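Notes follow once the structure below has been shown.
The values are calculated or read from the model by the stated rules, or taken from the named source; none is laboratory data. Fair warning: this is a prediction, and the values are worked out from it, not measured in the lab. Heads up, the Cβs are rebuilt from the backbone with ideal geometry, glycines too, and the neighbour counts pull from every protein chain shown.
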């Protein structure tokens, strides 16, 4: 199973995480986030997909960040339209479109996005677009109607490993596990040893 570690910011922490070879590392370019990146990010190993996270940003802003940070993928975590996603996809980057779930979700919402993004990401609906630190009810994923691969996000920590193992055994097209706040010592700073143990378990799935 693939792993995405989101909300990275500190250079030494990024370097230490890179040694674990996660599949994706996410950098948040939304100024209202406590994990907002306002400085240069280091180049990553080519095996790691460098992902920029945006919330209702202008195309020019995203384009600037793509160039400045050499991004490989863009995660759209706001109310972006399918046509907007398509513009970025046509630019040549992988597009991850996020949706916030709680106890219910109208999966018909996804229909318009089928051809305009590469992956979906399902996060927990909360006060913020992401990083709220708690799970949504994963049972509603049983209603998922698409074959498009998706990221599972929303307050995921070591305590969720058993549920993740069960989910992997289903026919759902789960692409990657996305973690953030449950592995932090402070916003934007991750506990590398804890991530190392978690990744070892994830790698075996």
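Descriptive notes on the structure:
- Any hit, segment 85-92, residues being under 18 Å from the mean Cα position of the chain (by Cα) and under 25 Å from residue 136 (Cα atoms): yes
- Of the residues making up segment 1-19, those that are under 25 Å from residue 174 (Cα atoms) and either part of a strand (DSSP E or B) or out of contact with any strand residue (DSSP E or B) (no Cβ under 8 Å at 6 or more places or on another chain) (or both) are 2, 3, 4, 5, 19.
- Residue that is farthest from residue 5 (Cα to Cα), among those in segment 153-186 that are in a loop (DSSP other than H, G, I, E, B) and within 16 Å of the chain's Cα centre (by Cα): 173
- You will find that of 54, 36, the residue that is surrounded by 12 or more Cβ atoms within 10 Å (Cβ to Cβ) and farther than 15 Å from residue 188 by Cα is 54 and no other.
- Single residue of segment 67-83 satisfying the filter (out of contact with any helix residue (DSSP H, G or I) (no Cβ under 7 Å at 6 or more places or on another chain) and crowded, with 20+ Cβ neighbours inside 10 Å) that is nearest to residue 150 (Cα to Cα): 75
- Filter pass, residue 144 being under 27 Å from residue 33 (Cα atoms), surrounded by 14 or more Cβ atoms within 10 Å (Cβ to Cβ) and in contact (Cβ under 8 Å) with a residue 12 or more places away in the chain: no
- Some residue of segment 124-134 being touching a helix residue (DSSP H, G or I) at 6+ places or on another chain (Cβ under 8 Å), modelled with pLDDT of 95 or more and surrounded by 15 or more Cβ atoms within 10 Å (Cβ to Cβ): no
- Annotation note: of 105, 27, 99, the sole residue that is without any contact (Cβ under 8 Å) to a residue 40 or more places away in the chain, within 18 Å of the chain's Cα centre (by Cα) and surrounded by 15 or more Cβ atoms within 10 Å (Cβ to Cβ) is 99.
- When 74, 53, 95 are checked against the criterion of being within 18 Å of residue 111 (Cα to Cα), in a strand (DSSP E or B) and at pLDDT 95 or above, 95 stands alone in meeting it.
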